[in-house]
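Contents: one structure, followed by commentary.
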Amino acid sequence: MGVINLVSPLGLSLLVLTLTGLLFPLVRPSLVRRHEWIRHIGWLAALPPAAVAWWLMAQLPAVTGGQVLEEQYPWAPQLGLALVFRLDGLALFFGLIITVIGAAVALYTSYYLEGEPRTGYFYSQLFLFMASMLGLVWADNLLLIFVFWELTSITSYLLIGFRDDEAGARNGARRAFVVTSLGGLAMLFGMVMLGAGAGVYTLHEILVTPGLTTLPYYPAALALILLGAFTKSAQVPFHFWLPGAMAAPTPASAYLHSATMVKAGVYLLARLHPALSDDPRWFWPLLLAGGATMLLGAVAAMGQFDIKALLAYATVSQLGILVMLLAFPGADAATAVVVGILAHALYKGPLFLVAGIVDHAAGTRDLRRLGTLARELPIVAAVALLAGLSMSGLPFLFGFVSKETFLETLYHYAETAGIAGWIAVSAAAVAGAFFMAYSLTLLWEAFFRGRAAGPHPAHVHHAPSFAFVLPPLALTLLGTAFPFILSQVEGPLLAPAASAIYGEPVGVHLALWHGWTPVFLTSLAALATGVLLFWARDGVRALLRAAPAGASGAPLFDRVLYAIYGLARWVTVQVQGGTLAQQVIVMLSAAVLALAVALSQASGLGDFRLDWSNWPHVTEVVLALLAVVAAVVTVRAQSRLSAIISIGVVGVVVTVYFVFFNAPDLALTQLLVDILTVVLLVLVFYRIPPSTLPPISGVVRMRNLVTAGAVGVFGFFLVLFAVGAPFAPPISDYFSLNAAPLAHGGNIVNVILVDFRGFDTLGEITVLAIAAVGGYSVLRAALFWMRPVNRPESLPESDREAVDEALEQVESEIPHA
């Protein structure tokens, strides 16, 4: 296989899309009002993804010839880390889908969001998501895949929650982000285990590593990776987030859920397919999860009245089919996956865009209020008809080709697997019947039945322009033409992608007609059953409405999430809800407990015998006793000033210790810090009014004594570890030998702090600055509570009483200045 090292095209493509996303927020509403041409900025927005798509199509001959395009960008050369991008058949295939659909969505967005003041912000998130998705499918490193995986979760969260003033958008964005991000973290652990077992994190090298499935921790790694893929691609029981994400603006819904985000999990499984598909532990989870998702999504789609919700559940079902296909190790399955992905993008993308046009024109997507759109929107109806019939699997459209390849794979499996295979074929036939039923339901009730079924029929009040309809029209015409040009596209486009999934060269040979085969007869039976389900749709919907409300999984997810919130609040109250002393005791006790556990598990802690030949000098003994006495006085002092003076004595004793041990720089630093601390304490306590503390009970006193003793033992053991035999070579020798030469005679302490440990020191300074701001805020809080509080009179009486009680409690606990 030839490899071409390019200078920049892949990285440049990601950079261009990222910069486009960062620049789009500059498009302000004031600019739109001053310049009429800005209303058509979608044409400009479509150029970057269209240019990337054009470049990708130019690479088809090279990739078809077996060449792979690679790019590497050094990241941390000392650690052997680099940003590695690789363009093979599968990466090019997904890249084309992402950019072609992305260009159509970019053009469509400017007309859909016409008059929206935050259009620039939406475009920004759209292009950042596009760049993240391209990075995911082009990355050739497991850790880099994870980085782009999480970037798609973040940007999709922003797209779904674009209308943040709507509760549905917020809930949908939260569910999508939490589910996919938690799955991504699980996937990261699995990737690390897989990469550690293979000895390399480069994906194409992992796929040819022998013995992956025999690693002792392979089952755990596989389970974690499957968890990440299933959550991203909305497999049962994680399917509920995808319909909830329909609260996003329609361009985001069309892009995320027909062409990109939900396919990320499918892409990851397709990438790992060559190395893992022969293992039964790979086969059964994908077959069962995919089959269950296929059936659940197809059945649930029939019960929806919102066009986007119907399409969302249809997408869930299609994703189940793709995951189910990836369970099989054969070349036919790899071909079926590629055809299914492309067909789904080319009919589901236009249907989502049509849903947005209908909503934009009629003000609703509710099928009960629609019915006459074919007369009022003839071009939109034609687009919906072609795309919807393709979704139903009607001969001889692209969706039919996809369904035939799927059923053919299952028939080959049934011939050898027996009853399990025929169950899979039956399940696929049932899903195909529902595909036909909900496709006809969508087309008939929205466009062709002549009048609305509901009491408040909708009418077109804002007819779309041709440019608005052009993106779904172009995608639909492309998808309609594909079945008739299969011989021209199967070699350069489909075969390289299928070969990457299968792991070996695959010859793709598709046709619209294979004769009266069992596969075709099964397809006809599914279509006929779907027509019957369509005529009986009212009864089917009644049965689906009788299903439990929590069957979707969203209510259970919300209950679990709110239970976690409640647990977090309870823990916060228990750990941080008491006095400062109680909080300190919790932290110190946790540190002591961690040391105790470590000591109980450790063996061979080193040699702690002390050298008694060198007795300490009498001055050192006196200083040590003075420090102990000053510390005791500090905690026993009855006045603040006495405590401040005694703690200053402790600091001075430490300063003198540094002098005795020939560290004048440390002594000077300690003295300055000690003086500054004493001055600040005096100023702070001068501002805080005196208060009489309640007497401490015997139980609390005993708790404090036990904690103090345990912390003392904790410090004692830490000192022993420090003076004992080291567990590893110390780094202090390197600092001592290199500080003066490299810093041209600079002070060793300053060199270590500023040069060797520069970022550590910066972090410490940041922590101190944050602590100072926090302390200042606490001191200023008393002035806030002295101001009169205006209670909102618009609240209900019960809420006003609750607010008054809360204010009285807080004011009683905070002393006034």
- Message: For a bin width of 5 Å, list the pair-distance distribution of the range 452-529 built from all Cα-Cα distances, rounded to whole %.
- Response: 3, 11, 10, 11, 14, 15, 11, 8, 8, 6, 2, 0
- Based on DSSP, what percent of beta bridges with both residues in the chain are antiparallel, to the nearest 5? 75
- If you bin every alpha carbon distance in the range 178-254 into 5 Å steps from zero, what whole percent lands in each bin? 3, 16, 20, 18, 14, 11, 8, 6, 3, 0
- Item | Estimated translational D of the range 505-601 in µm²/s (Stokes, Kirkwood radius over Cα pairs; 4 °C; 1.567 mPa s) | 61
- What angle do you read, to the nearest 10 degrees and between 0 and 90, between the alpha-carbon axis of helix 698-723 and the longest principal axis of the chain? 90
- Query: What are the lysines whose alpha-carbon lies under 16 Å from the alpha-carbon of residue 403, with same-chain residues fewer than 8 places away excluded?
  - Reply: 348
- Message: Which three numbers, in whole Å and largest first, are the semi-axes of the equivalent ellipsoid of the range 280-380 derived from its Cα gyration tensor as √(5λ)?
- Response: 33, 15, 8
- Message: Suppose accessible area is computed on protein heavy atoms with a 1.4 Å probe; arrange 257, 412 from highest to lowest.
- Response: 412, 257
- Which value, in Å² and to the nearest 10, is the accessible area of residue 81 when all protein chains are kept and the probe is 1.4 Å? 70
- Taking each pair of different alpha-carbon atoms in the range 358-447 once, compute 1/r for the pair, average those values, and report the inverse of that mean as the Kirkwood hydrodynamic radius in Å to one decimal. 14.7
- Under Karplus coefficients 6.51, -1.76 and 1.60, residue-wise ³J(HN,Hα) of the range 678-688 in Hz, glycine/proline x: 4, 5, 5, 4, 4, 5, 5, 5, 5, 7, 8
- Keeping all protein chains in position, work out how much accessible area residue 415 exposes to a 1.4 Å probe, and write it in Å² to the nearest 10. 130
- A correct Karplus calculation of ³J(HN,Hα) over the range 244-260, with 6.51 cos²θ - 1.76 cosθ + 1.60, θ = phi - 60°, whole Hz and x for Gly and Pro, returns x, 6, 5, 5, 5, x, 4, x, 5, 4, 4, 7, 5, 10, 10, 10, 10
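Can you sort 462, 617, 456, 273 by 1.4 Å-probe accessible area, starting with the largest?
456, 617, 462, 273
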- Label-zone membership for the range 561-599, site residue 719, 7 angstrom Cα→C-beta point, backbone N under 18 Å: 592
- Task: Calculate the tail of P(r) for the chain: the fraction of all Cα-Cα distances greater than 52 Å, expressed in %.
- Result: 33
- Item | Using θ = phi - 60° and Karplus 6.51 cos²θ - 1.76 cosθ + 1.60, couplings along the range 171-187 (whole Hz; Gly, Pro as x) | 5, x, 5, 5, 4, 4, 5, 5, 5, 6, 6, 5, x, x, 5, 4, 4
- Highest first, please rank the peptides 238-248, 40-50, 355-365 by the mean number of other Cβ atoms sitting within 10 Å of their residues. 238-248, 355-365, 40-50
- Quick one: what Rg and Dmax do you get for the range 133-200 from the alpha carbons, in Å? 14.4, 48
- Note, residue 187: beta-carbon cut-off 15 Å, +1 each Lys/Arg, -1 each Asp/Glu, net +1
- Task: Please list, in chain and number order, the residues 5+ apart from residue 363 or on another chain whose amide H is under 5 Å from its amide H, with Hs placed from the backbone.
- Result: none
- Task: List the residues whose amide H sits under 5 Å from the amide H of residue 83, counting only those 5 or more places along or on another chain, with H placed 1.01 Å from N in the peptide plane.
- Result: 73, 75
- Task: Mind ranking 345-352, 427-434 by how tightly packed they are, going by the mean number of other C-beta atoms within 10 angstrom, highest first?
- Result: 345-352, 427-434
- Largest-first ranking of 665, 88, 755 by accessible area, probe 1.4 Å, whole protein assembly kept, is 755, 665, 88
- Cα axis of helix 47-58 to longest principal axis of the chain: angle in degrees, 0 to 90, nearest 10? 70
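The values are calculated or read from the model by the stated rules, or taken from the named source; none is laboratory data. As the structure is a computational prediction, the values presented were derived from the model and not from experiment. Because the Cβ atoms are built from the backbone with ideal geometry, glycine has one as well, and the counts that use them run over all protein chains shown. With ligands, DNA and RNA removed, areas are computed over all heavy atoms of the protein, side chains included. Shrake-Rupley method; radii C 1.70, N 1.55, O 1.52, S 1.80 Å.
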